[in-house]
Every structure is written in C-alpha cells, then in structure tokens.
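A.B. asks: The structure's right below; bear with me while I get my questions together.
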Amino acid sequence: MSVYTQEQVNYLVEGKLDWETTMRMLSMPKDDDRFRMYLNALQSKVPWDDKIILPISLHLYVAQNKATKNWVTKCSCGHEFGDYRKNWKLEALVYVRDTPEAMHEVYPTLMAPDTNWQVYREYYCPECGTMHDVEAPTPWYPVIHEFEPDIEAFYNDWVHLPLPEKTN
C-alpha cells in the first residue's frame with residue numbers, strides 16, 4: 001500500500017508540493033509503488049506515447065519506442081538521440097565555451113577558468129533547444145559518457161516492476 005497519492009507525487013514532480021510533505025517524502029523509506037507513480041507523473045508531462053522506462057535528467061529519459069520496441073534516449077519534446085546504451089551527447093548540439101569572452105558570459109572576469117585548462121561543453125536538444133548537460137573538462141578531453149544504466153537490474157532488484165521487453 002502506498003503512503004502517498006498519485007496527486008502528491010504529481011505535485012512533487014511539478015515542484016508544487018508543500019515543503020513539509022516534500023521533506024517527509026524525501027526522508028522516509030520509499031514505498032513499493034512510488035517509482036510507478038513517479039513514472040506516471042513524468043509520462044503525463046510529455047507529448048508522446050512511448051513508455052518512459054527510466055528518467056536520466058529533468059527532460060531526458062530512456063523510453064521504449066512504440067513502433068520498434070527499442071529502448072532509446074529521448075528528450076521531453078520527443079526527439080530521439082538513439083540507443084540508450086550509446087552516448088546521447090554525440091547526437092546533441094554542442095556549444096563549447098573555449099574563449100575568455102564565452103566564459104565571461106558565465107563567470108565574472110577574474111573568476112573565469114583559464115580556457116587553456118578548462119572549457120565548458122553545453123549539450124542541447126537539436127529539436128527544442130533544451131540544455132541537457134554541461135561538462136567542464138580540459139579542452140582535449142573526450143566527450144564524457146556519464147553512465148550506462150543497468151535497467152534490468154534496477155527493475156528486478158529495486159523497484160520490482162515488470163519491464164517492457166526491448167527488441168535490441
């Protein structure tokens with residue numbers, strides 16, 4: 001049995017849940033139904049029917065493509081970045097702040113990093129322009145692939161929900 005309602009989880013996702021309930025919800029052990037309700041809340045906010053399998057960030061998800069049954073990385077606008085196991089950043093629009101002028105758009109002059117030692121890479125959805133991530137590596141460092149989730153283990157060992165079968 002769930003401690004919280006779907007409506008409360010929806011309010012949490014929308015940032016409209018009162019502070020006291022939010023703190024209680026965050027500090028208590030998660031009930032068995034919470035992840036399902038969280039996915040429902042996220043699903044209700046996107047304009048597409050593909051099933052969200054796992055949220056990656058605020059507007060980025062692993063979703064099951066309805067037509068192919070493949071699991072893909074997908075923006076909340078509906079843009080697909082490709083197979084969820086591949087680095088989605090390689091399909092994103094990238095803005096690299098690698099000049100003092102570009103860094104000063106983010107930092108005051110005396111606080112900006114030396115662009116010989118650090119750059120900012122901003123990754124955007126090519127369809128809607130949502131910024132999904134920022135990296136701050138040395139200029140020569142390759143694009144960072146943060147993680148490749150073990151979705152099967154997560155569903156089996158943690159949330160105990162049936163996982164949609166993928167074809168890839």
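A.B. asks: Suppose only helical runs count, i.e. DSSP H with n ≥ 4. What mean residue ellipticity at 222 nm does that imply for the chain under -39500 (n - 2.57) per run, divided by all residues and rounded to the nearest 500 deg cm²/dmol?
C.D. replies: Numbers: 4 runs with 35 residues, N = 168.
So the calculated ellipticity at 222 nm is -6000 deg cm²/dmol.
A.B. asks: A further question on this structure: With a/c under 1.5 counting as rounded, go ahead and sort the stretch 2-77 into rounded, prolate or oblate using the C-alpha gyration tensor (a ≥ b ≥ c being the square roots of the eigenvalues; past the cut-off, prolate if a/b is larger than b/c, else oblate).
C.D. replies: Working: a/c = 2.53, a/b = 2.05, b/c = 1.24.
Cα axes put the stretch 2-77 in the prolate bin.
A.B. asks: Can you tell me the length gained on complete extension of the stretch Arg24 to Met111, counting 0.36 nm per residue apart and subtracting the Cα distance?
C.D. replies: Working: separation 87, 0.36 × 87 = 31.32 nm, distance 3.82 nm.
Gain in length upon complete extension: 27.5 nm.
A.B. asks: Pairs of alpha-carbon atoms within less than 8 angstrom and 6+ residues apart define the contacts here; what relative contact order does the chain have, in percent? Could you put the intermediate results ahead of the total?
C.D. replies: Details: 221 pairs, mean separation 27.2, N = 168.
Result for the chain is 16 percent.
A.B. asks: Run the quick spin-label model on Phe154 and Ser44: label points 7 Å from Cα toward the beta carbon, then report their separation in nm to one decimal.
C.D. replies: Computed distance between label sites Phe154 and Ser44 equals 2.2 nm.
A.B. asks: Shifting gears a bit: Under 19 Å from a label point 7 Å along Cα→Cβ of Thr167: give me every residue in the stretch 67-96 with its amide N that close.
C.D. replies: 67-74, 80-86
A.B. asks: If you don't mind, there's one more thing I want to ask. With a/c under 1.5 counting as rounded, go ahead and sort the stretch 102-151 into rounded, prolate or oblate using the C-alpha gyration tensor (a ≥ b ≥ c being the square roots of the eigenvalues; past the cut-off, prolate if a/b is larger than b/c, else oblate).
C.D. replies: Numbers: a/c = 2.76, a/b = 1.54, b/c = 1.79.
Cα axes put the stretch 102-151 in the oblate bin.
A.B. asks: Report the residue, chosen from His104, His145, His132, that carries the largest GNM mean-square fluctuation when the chain is represented by alpha-carbon nodes joined by springs under 10 Å.
C.D. replies: In this elastic network of the chain, the residue with the biggest mean-square fluctuation among His104, His145, His132 is His104.
A.B. asks: Could you give each residue of the stretch 42-57 its phi-based ³J(HN,Hα) in whole Hz, using Karplus coefficients 6.51, -1.76, 1.60 with θ = phi - 60°, and x for Gly or Pro?
C.D. replies: Values, residue by residue: 5, 4, 5, 8, 9, x, 10, 9, 4, 6, 6, 9, 7, x, 9, 8 Hz.
A.B. asks: Moving on. If I build a Gaussian network model for the chain, linking alpha-carbon pairs within less than 10 angstrom, which residue out of Glu148, Glu127, Glu80 has the largest mean-square fluctuation?
C.D. replies: Result: Glu148 has the largest fluctuation of those listed.
Only the coordinates and a few stated rules stand behind these numbers; no lab work does. No experiment lies behind these values; they were computed from the predicted model shown. Every residue, glycine among them, receives a Cβ derived from its backbone with ideal geometry; neighbour counts consider all protein chains shown.
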